[in-house]
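Novice: Can you keep this structure in mind? I'll have questions shortly.
The values are calculated or read from the model by the stated rules, or taken from the named source; none is laboratory data. The model shown is predicted, which means the values in this text are computed figures rather than measured ones. Here the Cβ positions follow ideal geometry from the backbone for every residue, glycine too, while neighbour counts run over all protein chains shown. We work out accessible area using only protein heavy atoms, side chains counted, and drop any ligands, DNA or RNA first. Shrake-Rupley method; radii C 1.70, N 1.55, O 1.52, S 1.80 Å.
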Amino acid sequence: MTTRIRSFVVLVTAVLLQATIFSEFRLFGASVEVLLLVTILASYHGGPEHGAIFGFFASLFQDALTGAPFGLHAMVYSPLAVGVSSIEDRLVESRPIVYGLGLVVAVTLGASLAGFTGLLFGQTAIENGLLIKRSVIAGLISAAVAPPINKIVQWSLSMSIPGAVELRIPEK
Amino acid sequence: MAAPGPAERSRPTLLILLAAALTLLTLQVRGAEPLDAFQQGIRDIIAPVRTVVDKATDPIQSVWSGIVHYGELEEENERLAKELAEVRGEVLNEEADRELLERLLGEIDVPYADLETVVARILGTPPGNFGSHLVEIDKGSDDGLSEGMAVVTGAGLVGRLEQVDRQRSVVILATHPDFSVGVRLVESQDEGLAIGTGGDEMRLEDGVRLDAVIAEDEVVITSGGRSRFPADIPVGKVTDPDNFAEYERTIKIELAASLESLSFVNVVVDLEENS
């Protein structure tokens, strides 16, 4: 199965999860931002270009699910994907806690930026304080469910990630 | 010269995607119908899966809701116990008896006018984290619903249909800042435009005379006429008549229907005949 097909399967699964389970189980009104989460993970594992394209399509589905006009979430998801990938390139520290915190920050930032873009275009009617609160909770619960989703996204990109290069010195 | 890194290579892609997003956004905000239809198509394809998962996870959802909203449930329980005690005290009074009977009748039927309605179940909040003052119901265009229809309960106005798919719809509640309805004050007969505040009440602006004498608790109903809502649907009662306003009058209205604890609603389907 090629990377594109695998990515498509991941995207469709994420859409179904977002529309069903993750919309039904909420914590203080906030739900897991699974489409944003897979975008961030795709850019982390697949690089900025893959992340930006994946994020674009994920955001179109997010628009359809939330009833927002097409393109609204793409204004945030694609640049965020490129940003995450660029920061990942520059990361020196590689402890799991750093990745976990980074994920919380990235989802919170993405969710709140999407919310504020919605406010800008008159698509949402929510107080700024509540928007930030829900974004933070969404960031935390999204990071909590990230480990299994991370494995699936990693699997979807495993064919495009170069394996270890073995260097051999030819025997004389 | 060094080859460009991945970040540099992704810049043109990002610019193209942003241009595409802006184009789509502009087209849809300007009302491009094919895009609306496409979005609705995606939701219609997903809807059966959502219904199946909804039903399958219903018991777990109840447990989850009980855990997450435990504090709120306790508060509500306390409030309901107080209300019950008050009602028990008032029940001796003949007038209170009649009012209670009317209210109970209101819970099982829509008493105002002979409106044709479709009963719908509240499914919860639509997907997304910022859908404030919106609820999703389990009826859609297959059941004869269309955008703009009034949504009521026996107690009064709840909102209107904002987004109608084949099997589901989204209701914009009367407290949503984008919601507005033409209303009439029953005693003073003044008419105005009531709008949602984003809180738990409505605000009556425009149309009410500065010298109009409006009492607290005055009943507010829909005015009908050119409004898309049928006339005489109870909206609520005045909590602050703003009688001493000197320039612009802003009257606060407490809604008759409790939007916090909705389970079922009635969608008024004979909008054309009644408006």
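Novice: Averaged across A:54-67, how many Cβ atoms of other chains sit within 10 Å of each residue's Cβ atom?
Specialist: 5
Novice: Here is a further query. Roughly how crowded by other chains is peptide A:28-35, in terms of the mean Cβ count from those chains within 10 Å of each of its Cβ atoms?
Specialist: Averaged over the peptide's residues, the number is 2.
Novice: Shifting gears a bit: Short version: what are the Cα gyration tensor semi-axes of the protein assembly as shown, square root of 5 times each eigenvalue, largest first, in whole Å?
Specialist: 49, 23, 20
Novice: Also, quick follow-up: Where Lys and Arg each count +1 and Asp and Glu each count -1, what net charge lies around B:Gly140 among other residues with Cβ under 15 Å from its Cβ?
Specialist: That sum, taken over residues with Cβ under 15 Å, equals -3.
Novice: Looking at the stretch B:206-275, which chymotrypsin sites (Phe, Trp or Tyr not before Pro) are in a loop (DSSP not H, G, I, E or B) and have at most 14 other Cβ atoms within 10 Å?
Specialist: Taking the stretch B:206-275 and a limit of 14 other Cβ atoms within 10 Å, the loop chymotrypsin sites (Phe, Trp or Tyr not before Pro) found are B:Phe244, B:Tyr247.
Novice: Leaving out ligands, DNA and RNA, and with a 1.4 Å probe, what % of the accessible surface on the stretch A:18-172 is carbon or sulfur?
Specialist: Roughly 67 percent, rounded to a whole number.
Novice: If you don't mind, there's one more thing I want to ask. For the pair B:Glu187/B:Glu205, report the inter-label distance in nm, with labels modelled 7 Å from Cα in the Cβ direction.
Specialist: Using points 7 Å along Cα→Cβ, the separation is 2.6 nm.
Novice: Determine the dipole magnitude for the protein assembly as shown: charges of +1 sit on the beta-carbon of Lys and Arg, -1 on that of Asp and Glu, nothing else is charged, the reference point is the Cα centre, and the result goes in debye to the nearest 20.
Specialist: Approximately 3340 debye in magnitude.
Novice: Name the residues whose placed amide hydrogens come within less than 5 Å of the amide hydrogen of B:Ile122, ignoring near sequence neighbours (fewer than 5 apart) on the same chain.
Specialist: Correct list: B:Phe264, B:Val265.
Novice: Please work out, to two decimal places, the log10 of the ratio I(q)/I(0) at q = 0.19 Å⁻¹ from a Debye calculation in which every Cα of the stretch A:3-156 carries one identical scatterer.
Specialist: Cα-only, vacuum Debye calculation for the stretch A:3-156: -1.18.
Novice: In peptide B:20-33, what is the residue-averaged number of other protein chain Cβ atoms found within 10 Å of each Cβ?
Specialist: Mean number of neighbouring Cβ atoms from other chains: 5.
Novice: Now a separate question. Accessible area lost on pairing B with A, both sides, 1.4 Å probe, Å² to nearest 100?
Specialist: Roughly 3900 Å².
Novice: State in Å² the accessible area per residue of the protein assembly as shown; use a 1.4 Å probe, count heavy atoms of protein chains only, and round to the nearest integer.
Specialist: 54 Å²
Novice: What distance in nm lies between label points placed 7 Å from Cα along the C-beta direction at A:Phe121 and B:Asp217?
Specialist: Modelled inter-label distance: 4.8 nm.
Novice: Ok, one more. Compute the FRET efficiency between B:Asn77 and B:Ile122 as 1/(1 + (r/R0)^6), taking r as their Cβ-Cβ distance and R0 = 22 Å, and round to the nearest 0.05.
Specialist: Given R0 = 22 Å and the Cβ-Cβ separation, E is 0.60.
Novice: Let me ask something additional. Pop the C-beta distance of A:Thr13 and A:Gln154 into the FRET formula with R0 = 22 Å and round what comes out to the nearest 0.05.
Specialist: Computed FRET efficiency for A:Thr13 and A:Gln154: 0.95.
Novice: Give the longest segment of chain A that steers clear of GluC sites (Glu not before Pro) in DSSP loops with at most 10 neighbouring Cβ atoms within 10 Å, not counting the sites themselves.
Specialist: Within chain A, the longest run free of exposed GluC sites (Glu not before Pro) spans A:1-92.
Novice: So how many Lys-Lys pairs in the protein assembly as shown land under 30 Å Cα to Cα, not counting same-chain pairs under 8 apart?
Specialist: 9
Novice: Per residue of the stretch A:65-81, in order, report the coupling 6.51 cos²θ - 1.76 cosθ + 1.60 (Karplus, θ = phi - 60°) as ³J(HN,Hα) in whole Hz, putting x for Gly and Pro.
Specialist: Result, ordered by residue: 5, 8, x, 7, x, 4, x, 5, 6, 5, 4, 10, 4, 5, x, 5, 4 Hz.
Novice: Can you compute 3J(HN,Hα) from phi for each residue in the stretch B:54-61, using the Karplus curve 6.51 cos²θ - 1.76 cosθ + 1.60 with θ = phi - 60°, rounded to whole Hz and x for Gly and Pro?
Specialist: Working through the residues one at a time gives 3, 5, 5, 9, 3, x, 5, 4 Hz.
Novice: Can you sort A:Thr39, A:Thr3 by solvent-accessible area, 1.4 Å probe, largest first?
Specialist: From most exposed to least exposed: A:Thr3, A:Thr39.
Novice: Still on this structure, please answer the following. With θ set to phi - 60° and the Karplus curve 6.51 cos²θ - 1.76 cosθ + 1.60, what are the ³J(HN,Hα) couplings of the stretch A:112-123 in order, to the nearest whole Hz, using x for Gly and Pro?
Specialist: Calculated HN-Hα couplings, in order: 5, 5, 5, x, 5, 5, x, 4, 4, 9, x, 9 Hz.
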